[in-house]
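The values are calculated or read from the model by the stated rules, or taken from the named source; none is laboratory data. Remember, predicted model here, so these are calculated numbers, not experimental data. Because the Cβ atoms are built from the backbone with ideal geometry, glycine has one as well, and the counts that use them run over all protein chains shown.
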Amino acid sequence: MTYQPIIGLEVHVELKTKSKLFCGCPAEHFGTKPNTQTCPVCLGLPGALPVPNKKAVDWTILLGLALNCSIHKVSRFDRKNYFYPDLPKGYQISQYDEPLASKGFVKIDTKKIRIRRVHLEEDAGKLLHEEVNGVKSTLVDFNRSGVALVEIVTEPDVRSSEEARTFLKKMRQIARYLGISDGDMEKGTMRLEPNISVKLETRNTKHEDDLPPYKVEIKNINSFNFAKKAIDFEIARQVSLLEKGETPLQETRGWDEKKGVTVSQRGKGEAHDYRYFPEPDIPPMEFSKSQIENLRSQIPELAEEKIARFIREYNLSQYDAEILCDSRERAEYYESTIRELKNLRIKELTEKTVANWIINKKVDTSKVAPEDLVKMIAATTQTTSMPDEELEKIIKEVISKNPKAVADYQGGKEQALMFLIGQVMRETKGKRGFDKMKTVIEQRLNA
Ligand SMILES: [Zn+2]
């Protein structure tokens, strides 16, 4: 007998729109003074009317498209009713049976994880447990109340904690490539709720689609590390119950990081009946084919395609291409450096050498300009194949042709030196090393 974990994931991604989902309050709430970014709408005061943020709707569709989903021509907001102190209206505006997008998939390695739905909803406030005047109290901060939140729900296609983590990293990467969220688990802008059950596989198990008669949902996971630990713990806990001939209870559990265990929070008997109904204050949203196609055209080249292109175009290994494309910024930095390399026509330097430098020497891409990186690499890899007299002559010419840069350098602007070195490099076509050139130019300028 073998045990097969069956895992479905719910990922919440907070959108980085300027304002909240249904009002004009600023959405950025991290580190702000509590309750300074609220208004009658996000405080749920009577009579206040929500107006949907168009950018949040567009971005959710963009994400749906990036996840290979169908976008619905008509979509609608619903009220999800429940009571909790961080939810001032007594209901959350969410989406129920008409989400913005559904039926997509994401590839992790060679496996497809099906996406059931992608919908848009408002975030709740935050509870703070503090001591006030010596009394243990719970305070509510509504700065997060009403911030746009996208929920991505997968089919139960995930089979291990490792796959769950890979999926989560992929979600973060896609959200960042699209520029719609920071996807930062530590700051809470990306959250995971996995539901887990374990299937006993016997010779009689015929249908792959047969799911166990229960599932356990885990809340409060706020790091990639905890996600792996919580899922592994939960699988082991359920297997040990199954081995005793018991069926695990259907329930919601929380992850206790200190003890390294999941703990029961709510049983099936207390399961919510949210009494969803259409949000009467917001008309259904309709999208034309051209609106959807227009959004599709805004999707940038995503990591998966970029990696394939880097391998093809720059002759890189899968491993190198994956590291370079991990973030869009790094991938763009690499390509700018390659363009500089081509401008300078340094034959000895290959795209692979540049990749090695960025990956192995851990170049700080926010501080070193691509053109300077090429020069740094050239300096350490080139052989001398131009006589000193010729180099001196070129430097003399460059100095006389660029009086402004010379004046800048002599006036204290160090960057002007890099400019002059670049000009010399263009003339020497990489036949002389960086250090020698720099020394000679400095000598000339300081003479
Ligand atoms: Zn507000």
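Can you tell me which residues in the range 394-417 are closer than 24 Å to Arg345 by Cα and buried (at least 17 other Cβ atoms within 10 Å of the Cβ)?
First, pick out the residues of the range 394-417 that are closer than 24 Å to Arg345 by Cα: 394-402, 405, 415-417.
Matches in the range 394-417: Ile394, Ile395, Val398, Ile399, Ala405, Ala416, Leu417.
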Among the residues of the range 178-189, is there at least one that is farther than 23 Å from Ile61 by Cα and touching a Leu at 6+ places or on another chain (Cβ under 8 Å)? no
Output for Cβ contacts, cut-off 8 Å, separation at least six or different chains, first residue without any contact (Cβ under 8 Å) to a residue 60 or more places away in the chain in the range 32-43, second more than 7 Å from the ligand (Cβ to nearest atom) and among the small types (Gly, Ala, Ser), reads Cys39/Ala48; Pro40/Gly47; Pro40/Ala48
Mind checking whether some residue in the range 12-27 is within 30 Å of Ala227 (Cα to Cα), at pLDDT 95 or above, exposed (fewer than 15 other Cβ atoms within 10 Å of the Cβ) and more than 13 Å from the ligand (Cβ to nearest atom)? no
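Can you report the number of residues in the range 328-349 which are in a loop (DSSP other than H, G, I, E, B) and surrounded by fewer than 15 Cβ atoms within 10 Å (Cβ to Cβ)? Spell out the reasoning first.
Step one: filter the range 328-349 for residues in a loop (DSSP other than H, G, I, E, B), giving 345-349.
With the extra rule that they be surrounded by fewer than 15 Cβ atoms within 10 Å (Cβ to Cβ), the set shrinks to 345, 347-348.
So the answer is 3.
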Among (1) surrounded by 14 or more Cβ atoms within 10 Å (Cβ to Cβ); (2) modelled with pLDDT under 95, which single condition is Glu234 missing? (2)
For the range 318-329, state whether one or more residues are free of Cβ contacts under 8 Å to residues at least 60 places away in the same chain, within 23 Å of Arg426 (Cα to Cα), outside the structural domain of Lys169 (by TED's automatic domain parsing) and among the β-branched types (Val, Ile, Thr). no
Would you please list the contacts, defined by Cβ atoms under 6 Å and residues six or more apart or on different chains, that run from a residue in the range 358-381 that is outside the structural domain of Ile421 (by TED's automatic domain parsing) and within 17 Å of Arg330 (Cα to Cα) to a residue that is crowded, with 17+ Cβ neighbours inside 10 Å and of a type in the set (D, E, K, R)? Pro370/Glu340; Glu371/Glu340; Val374/Glu340
Number of the condition not met by Lys103 [criteria: (1) part of a strand (DSSP E or B); (2) under 15 Å from Phe22 (Cα atoms)]: (2)
Those residues that are under 25 Å from Gln318 (Cβ atoms), touching a helix residue (DSSP H, G or I) at 6+ places or on another chain (Cβ under 7 Å) and not hydroxyl-bearing (Ser, Thr, Tyr), I need them from the range 349-371; list them, please. Leu349, Glu351, Val354, Ala355, Trp357, Ile358, Ile359, Val363, Pro370
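Condition check ((1) among the aliphatic types (A, V, I, L, M); (2) in a strand (DSSP E or B); (3) more than 27 Å from Ser223 (Cβ to Cβ); (4) within 16 Å of the ligand (Cβ to nearest atom)) across all residues:
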site: Thr60; (1), (2), (3), (4): no, no, no, no
site: Asp86; (1), (2), (3), (4): no, no, no, yes
site: Pro99; (1), (2), (3), (4): no, no, yes, no
site: Leu120; (1), (2), (3), (4): yes, yes, no, no
site: Ala124; (1), (2), (3), (4): yes, no, no, yes
site: Leu128; (1), (2), (3), (4): yes, yes, no, no
site: Thr138; (1), (2), (3), (4): no, yes, no, no
site: Arg144; (1), (2), (3), (4): no, no, no, yes
site: Pro156; (1), (2), (3), (4): no, no, no, no
For Pro34, indicate whether it is more than 10 Å from the ligand (Cβ to nearest atom) and either outside the structural domain of Leu200 (by TED's automatic domain parsing) or at pLDDT below 95 (or both). no
Sole miss for Gly47 among (1) within 16 Å of the ligand (Cβ to nearest atom); (2) surrounded by 15 or more Cβ atoms within 10 Å (Cβ to Cβ); (3) modelled with pLDDT under 95 is condition (2)
